[in-house]
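The values are calculated or read from the model by the stated rules, or taken from the named source; none is laboratory data. These numbers come from a predicted model, not from an experiment. Note: ideal-geometry Cβ built from the backbone for every residue, glycine included; neighbour counts use all protein chains shown.
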């Protein structure tokens, strides 16, 4: 057996259950790797080594005493994106306005994984309030891409994707409001699920765009994402938009077949301006699936190019309402005058929110304000109906839709920081799934000539996660892209 | 359409954000660009299209109105920037 940090979640679980190594050894190995690489990558905002080792000893005790039927994820290390509350550890959301906030409760999706026995090693870096595509908007400094430190890891779950790619943890939580799981997975060569809206609980997730926010997972292969998602998904009475629907078995078939699977290939996602290596890698993956029995079907999602303006009206509008709660009263820092309520509100918010967050609050406030509501917000909601209808119609013809996750591979730091609109264009292929509510599975399908990963996404009808996992798993059984790892230990000449 | 500095100041007041003059100028430009981009939605005739506020095909669920234990007051006050006698302290809301 090689390094413990090289193991997938499945391999680590088997090793723990067979007694090949202890949870303490497994957790210590990952903590050591984090110590080694964190100065280069900055994937974490908060680390909790003492808590993790205490959890590991407890897991080892349970494994000794109850080795026949232990909790399903007992003793396995995980990381949690810092927009999800974990009792007792700071939850900054990448923002100075929550710098001192220690949540008194744990998010339901996280609690379910803790109840299954997993051990959190820390909280991962994110763009402030999950608003961004690069982690450059984190108030705590950006995360670097393990494949090339001069490039961004994607965002907003960039810390989680970088940590998983660099083998600091086998799996991590992410959240996806407009692509924040899938896009960093594409940029870092990891596998991730953006679930159907309502499949995982949002309770304890720091809200950004409430009609779009989803909680999901980032791993190194589809089998691991299916295992983790099994215990993450499910109904939560504390989230009014959680769906009361049984969670199916996500167990993967040993030799899954793609015979007769209809893969929709939407013309609108293969457009001028897309990096040629991205297009060829994604088309190559579809061709591979055809050799495994699938049938590619050209389809059209005609309103795709309206998703960007629709998203950048709806998400900021919802954010402007959600972020009204950060006012210096109940948590976080307080600035301004002792005897002037207005000054307290405006100074605290004006100084402690970062530039992108203020930009989106301003945009959303404008779109909701008197005289503009119909022209912007209501109009965007109507076009959202058309985007959703595109998917409904497509899924009458095909079983899944295959598309690139992003038009390019990971871009360099600073490339888009002066031009918000150019940054928003990075999300053009991921936004439609959030607007329609449908699930998306992202995984690597190749590399560009600089050695940066290319990601593909499979989208399916609502609650078709099991199907997406089977298809992705079938592809990964026949390909090796997901088994390539960045050599982040080596000195990087570009950096 | 270009936003004026006065319009930016009006939105900032609605959003309770203190902005520097440099920020006001920057947001006037950037928000104008983004709104110009969003104007392409006007190409679509949506008169007969209903708006989508939620993708869920469900009605809002109501729970039983039952009292249950919430979080402890001292726990909830731990994150407060200022407190007074087990309550959140704020500047005067009425009068001065």
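Restricting attention to the range A:338-358, and to residues there that are part of a loop (DSSP other than H, G, I, E, B) and more than 7 Å from every other protein chain (Cβ to nearest Cβ), which single residue is surrounded by the most Cβ atoms within 10 Å (Cβ to Cβ)?
A:353
The set of residues in the range B:1-32 that are within 7 Å of another protein chain (Cβ to nearest Cβ) and either under 25 Å from residue A:428 (Cβ atoms) or touching a strand residue (DSSP E or B) at 6+ places or on another chain (Cβ under 6 Å) (or both) comprises B:27, B:30, B:31. Criterion applied to A:469, A:443 was being part of a strand (DSSP E or B), in contact (Cβ under 8 Å) with a residue 60 or more places away in the chain and farther than 20 Å from residue A:272 by Cα, and the one residue passing it is A:443. Taking residues in the range A:365-394 that are over 13 Å from residue A:311 (Cα atoms), and partners anywhere that are in a helix (DSSP H, G or I), the pairs with Cβ atoms closer than 6 Å and at least 6 places apart or on different chains are A:365/A:320; A:365/B:11; A:365/B:14; A:366/B:11; A:368/A:317; A:368/A:377; A:391/A:436.
Count of the range A:405-451 residues, restricted to those that are in contact with a helix residue (DSSP H, G or I) (Cβ under 6 Å, 6 or more places away or on another chain) and under 25 Å from residue A:485 (Cβ atoms), is 12.
Each row is one residue, and each column tells you yes or no for (1) under 20 Å from residue A:159 (Cβ atoms); (2) over 20 Å from the mean Cα position of the chain (by Cα).
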residue	(1), (2)
A:222	no, no
A:225	yes, no
A:231	no, no
A:234	no, no
A:238	no, yes
A:241	no, no
A:244	no, yes
A:248	no, yes
A:252	no, yes
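Only one entry of A:332, A:264 meets the criterion of being surrounded by 16 or more Cβ atoms within 10 Å (Cβ to Cβ) and within 30 Å of residue A:350 (Cβ to Cβ), and that entry is A:332. Of the residues A:90, A:39, the single one that is free of Cβ contacts under 8 Å to residues at least 60 places away in the same chain, surrounded by fewer than 16 Cβ atoms within 10 Å (Cβ to Cβ) and within 23 Å of residue A:143 (Cα to Cα) is A:39. So which residues in the range B:58-84 are more than 30 Å from residue A:388 (Cα to Cα), exposed (fewer than 10 other Cβ atoms within 10 Å of the Cβ) and within 9 Å of another protein chain (Cβ to nearest Cβ), if there are any at all? Across the range B:58-84, the qualifying residue is only B:71.
Against the test of being more than 16 Å from the chain's Cα centre (by Cα) and within 14 Å of chain B (Cβ to nearest Cβ), the options A:427, A:418 yield a single qualifying residue, A:418. The number of residues in the range A:365-380 being surrounded by 21 or more Cβ atoms within 10 Å (Cβ to Cβ) and facing chain B (nearest Cβ under 8 Å) comes to 5. Put simply, of A:427, A:494, A:418 the only residue that is modelled with pLDDT under 95, buried (at least 21 other Cβ atoms within 10 Å of the Cβ) and part of a loop (DSSP other than H, G, I, E, B) is A:427. Could we say that residue A:210 is under 23 Å from residue A:326 (Cα atoms), over 10 Å from the mean Cα position of the chain (by Cα) and surrounded by 24 or more Cβ atoms within 10 Å (Cβ to Cβ) here? No. Number of residues in the range A:318-335 that are free of Cβ contacts under 8 Å to residues at least 24 places away in the same chain and more than 8 Å from chain B (Cβ to nearest Cβ): the value is 2. In the set A:204, A:209, A:198, A:189, only one residue is in contact with a helix residue (DSSP H, G or I) (Cβ under 8 Å, 6 or more places away or on another chain), within 14 Å of chain B (Cβ to nearest Cβ) and at positive phi; that residue is A:204. Of all residues in the range B:33-45, none satisfies being surrounded by fewer than 10 Cβ atoms within 10 Å (Cβ to Cβ), facing another protein chain (nearest Cβ under 9 Å) and in a loop (DSSP other than H, G, I, E, B).
For residue B:55, the test of being buried (at least 17 other Cβ atoms within 10 Å of the Cβ), closer than 30 Å to residue A:103 by Cβ and modelled with pLDDT under 95 is passed. Residues that are surrounded by fewer than 18 Cβ atoms within 10 Å (Cβ to Cβ) and either outside any loop (DSSP other than H, G, I, E, B) or within 14 Å of another protein chain (Cβ to nearest Cβ) (or both): does the range A:449-464 have at least one? Checked against the condition, which is being surrounded by fewer than 18 Cβ atoms within 10 Å (Cβ to Cβ) and either outside any loop (DSSP other than H, G, I, E, B) or within 14 Å of another protein chain (Cβ to nearest Cβ) (or both), the range A:449-464 yields no hits at all.
Of all the criteria given as (1) surrounded by fewer than 16 Cβ atoms within 10 Å (Cβ to Cβ); (2) in contact with a helix residue (DSSP H, G or I) (Cβ under 8 Å, 6 or more places away or on another chain); (3) assigned to a loop (DSSP other than H, G, I, E, B), the one not satisfied by residue A:301 is (1). The one condition from (1) within 25 Å of the chain's Cα centre (by Cα); (2) modelled with pLDDT of 90 or more; (3) at the interface with chain A (Cβ under 10 Å from one of its Cβ atoms) that residue B:87 does not meet is (3).
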